[in-house]
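Read through the structure below, which is laid out as structure tokens, and then see the notes.
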Amino acid sequence: MNQTLKLLCLTAACAMVTSYAQASDVIYNSTTGATYAYILNEQSNANSFTKCSVDANGIEEYSCTNVTPVDESGQPVLNDPDNMVLYANYAYITNYSSGAITECPINANGIDATNCKNILPTASSKALLTSAAGIAFNGNYGYILNGSGENYVQCSIKNNQLNLNACTKYTPRDKQGNLLLTKSDEITFNNYFAYFVDTNYSATFTKCQTGAQGIILKSCKNFVLPYNLTTTTNLAFHQQQAYFVSSTPAGEIVYSRCGLDSSGINVGSCIDEPVDIPVSSLNIPMAINFNANIMYITVVGLDIGSSKDVGSYVECQTSESGIKPGTCFTTTANFLKIPGTIVFNSVN
């Protein structure tokens, strides 16, 4: 979430407060291998994403470069980026501060960052977003979370693009009229369900059924994962299972692996497992995604010596039983500026 969020370090030994951008939505899962990985740099003044080549062994670090999207006149278009998704032949990046969505075409070389433009969902010529966070596509609609985390905008799709003239804002509530979404920063879909992940220092998510007209509001309910996690920051689906990434008060990066049934995520089946990397109270998981059978988690840490944010990503080999022991490793790189969303794009 790209509002400035003050996150207190999770141990008593650390009194420093650091500002960072929260995790974002993941929608594009490739199972056949990808040509490029894109990692969104969510640092407010970075306004870029990192593009890397990918082979069967994972991300080729030497190939990674930072890219600043610009419009046809060469002017930068990102403003406090929060979320990134690939749909059809376009990449969409939400901008938290402005509420705009950056649209860039995808060609044979991946995302064309030289021909991007900012767009605004509207209704009766009025902007529907004060700030923009999670974004996802499902069926005949695109969905964008408002930065407040309490409501979302649903837009129809026309010619494989967002139809900005056909958007509506919705606020899910329970039967008593209480808000179901409080600090939801991510929206993602699996089968006939929509999921909103609450990042308000809790391990909760909201599940809604979907139909021909989009999300069915009256079906929405909140659920709590059965573990004492610090917060739940992201959700991805792989091999008929749901993976939530989080951290413990001790600074251990963990994931909850949950089975799926006809009702969606089966909370009673969730298993909480650690990610096999060195523990640090200053490591904050940002996003999770899969490409083939490799799990990727983007991580923000803190360099104690310089008090600067350090970006990295974790790669782990997986099977139907979760992470394969001894296969995880971490790559830390200066080119990552608060790495958030990670998506994959296969180019023919």
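Rule-based calculations on the coordinates, nothing more; no lab input. A quick note: this is a predicted structure, and the numbers were derived from the prediction, not measured. Cβ sites come from the backbone with ideal geometry, for glycine too, and all protein chains shown count toward neighbours.
Maximal additional length on extending the Gln75-Thr168 stretch stands at 30.5 nm, based on 0.36 nm per residue less the C-alpha distance.
Applying a threshold of 25 Å to the alpha-carbon distances of Lys169/Lys207; Lys183/Lys337; Lys158/Lys183; Lys51/Lys324; Lys126/Lys337; Lys51/Lys126 flags Lys158/Lys183; Lys51/Lys324; Lys126/Lys337; Lys51/Lys126 as lying beyond it.
Based on the alpha-carbon gyration tensor of region 73-125 and its eigenvalue square roots a ≥ b ≥ c, which shape applies: rounded if a/c is under 1.5, prolate if not and a/b is larger than b/c, or oblate? Provide the component values of the computation, followed by the final result.
Values: a/c = 1.73, a/b = 1.49, b/c = 1.16.
Verdict is prolate for region 73-125.
Put a dot 7 Å past the Cα of Ser319, heading toward its Cβ, do the same for Ile271, and the two dots end up 1.1 nm apart. Packing, taken as the mean count of other beta carbons within 10 Å per residue, orders the peptides 73-85, 325-337 from highest to lowest as 73-85, 325-337.
Taking 18 Å as the straight-line reach from the Cα of Lys221, the aspartates and glutamates in range (excluding those fewer than 8 positions away in the same chain) are Glu150, Asp174, Asp185, Glu186, Asp198, Asp261.
Order 312-320, 98-106 from most to least packed using the mean count of other Cβ atoms within 10 Å. Each step should come with its number before you reach the end.
Values: 312-320: 18.0, 98-106: 21.2.
Result, highest mean first: 98-106, 312-320.
Other residues within the sphere of radius under 12 Å centred on the Cβ of Gln209, judged by their own Cβ, net out at +3 (K and R +1, D and E -1). Restricting region 112-190 to trypsin sites (Lys or Arg not before Pro) that sit in a DSSP loop and have at most 16 other Cβ atoms within 10 Å of their own Cβ leaves Lys175.
Work out, step by step, the length gained on full extension between Val67 and Leu120: first 0.36 nm times the residue separation, then minus their alpha carbon distance; give nm to one decimal. Let's see the in-between values first.
On the way: separation 53, 0.36 × 53 = 19.08 nm, distance 2.26 nm.
Working it through step by step, the gained length comes to 16.8 nm.
Considering Cα pairs under 8 angstrom that are at least six residues apart, work out the relative contact order of region 61-152 and quote it in whole percent. Spell out each step's value before the answer.
Details: 192 pairs, mean separation 21.2, N = 92.
Once normalised by length, the contact order is 23 percent.
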